[in-house]
Each structure stands twice: as structure tokens, then as C-alpha cells.
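Chemist: I have a structure here, written as C-alpha cells, and I will follow up with some questions on it.
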Amino acid sequence: MTEETTPPEEPTVPAAEAGESVAEPTEEQMRAALEEEMRRVHVGDVVIQSVVSLINIGARRTGSTPDTEAEQDLTQAAIAIDSVTALLPVVEQLSPEQAGAVRDALSQLQLAWVKAGGKQTSSAGPVGAGEGSSGGVQEPPDQDPPSRIWVPGR
């Protein structure tokens, strides 16, 4: 009895690697793919991803680490802080289990902003702690600014 051997199969190489040109998707195919992706995306996921991105970019704009010093832009960091602060109630509603981590990261970002020289009274200053903050509005010079400490009954 003789054994028949079959030649080993040649490994397949994608056309692009073999040097052949691959047809680019048409505009209609790209639009259809985008539409399909949009059907699957949940707004809550985009909100959470946006908050994480804002925190990360805001941290870089504080220039608080040696590798980000050249990127320091406290106005941009303040915008990130204000945006995350505004979205925090939405995060708490959408994902209570992630809200604590977002609050912690926001606190760290606010601290880095202050250490970098950010000032609450600037027109672009972050709202920060939410209620009771000036929101960038300066108090008249003859009045003391309101306390940022929450006191029951006030």
C-alpha cells in the first residue's frame, strides 16, 4: 500500500500584502458602515468616553508632569474641568458604579489646575465644586467672595 501525499497548502497572503491593489470602499459603502456603527452606539457610552477623554486631556493641559509641561494651557484645563463638572450628574445617573472614580479624577484634575496656577476668579476658571462657586463671575471688590464650604441650612 502506498501513501498518497498531497502537497502542503500554500499560506494565503492578503491581496494588499501580495502587492495587489485593494479596492477602496466607495462613499456609499463608507456611509453604510457609519450608519451601522451609529445604530450600535449608545449615547451613555459616548458620554462616559467623553468624560474620560476630557479628564485625560485636562490633566495634560495642567502640565503637571515633566512630559506634559510644554502642553500647559490652564484655560483649556479649566474648560475640561467645567465640562466634566457639568456632565457629572449624567454620569451618576448612567453609571453609578463609575461616578466615584470620575469624581476622584475630577478632584485630582482640579487640584493639579490649582497647583499649576489656575485661579478661581478668572473668567475661564472652572466651576469646580458646583453649587456655591462663582462660575467665573467675579465678585465686586468691596465684598468678600462667598464661602466655598457647604454649611447646612445656608
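Chemist: What's the total number of residues in region 5-41 that are modelled with pLDDT of 85 or more and outside any helix (DSSP H, G or I)?
Modeler: 5
Chemist: What number of residues in region 87-118 are of a type in the set (A, V, I, L, M, F, W, C), closer than 17 Å to Ser64 by Cα and in contact with a Gly (Cβ under 8 Å, 6 or more places away or on another chain)?
Modeler: Count: 3.
Every residue, every condition in (1) at pLDDT 95 or above; (2) assigned to a helix (DSSP H, G or I); (3) more than 14 Å from the chain's Cα centre (by Cα), yes or no:
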| residue | (1), (2), (3) |
| --- | --- |
| Ala70 | no, yes, yes |
| Asp104 | yes, yes, yes |
| Gly118 | no, no, yes |
| Val127 | no, no, yes |
| Gln143 | no, no, yes |
| Trp150 | no, no, yes |
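Chemist: Next question. (1) touching a helix residue (DSSP H, G or I) at 6+ places or on another chain (Cβ under 8 Å); (2) part of a helix (DSSP H, G or I); (3) loosely packed, with under 12 Cβ neighbours inside 10 Å: which one isn't true of Glu92, the others all being true?
Modeler: (3)
The values are calculated or read from the model by the stated rules, or taken from the named source; none is laboratory data. These numbers come from a predicted model, not from an experiment. Note that we place each Cβ from the backbone using ideal geometry, even for glycine, and neighbour counts take in every protein chain shown.
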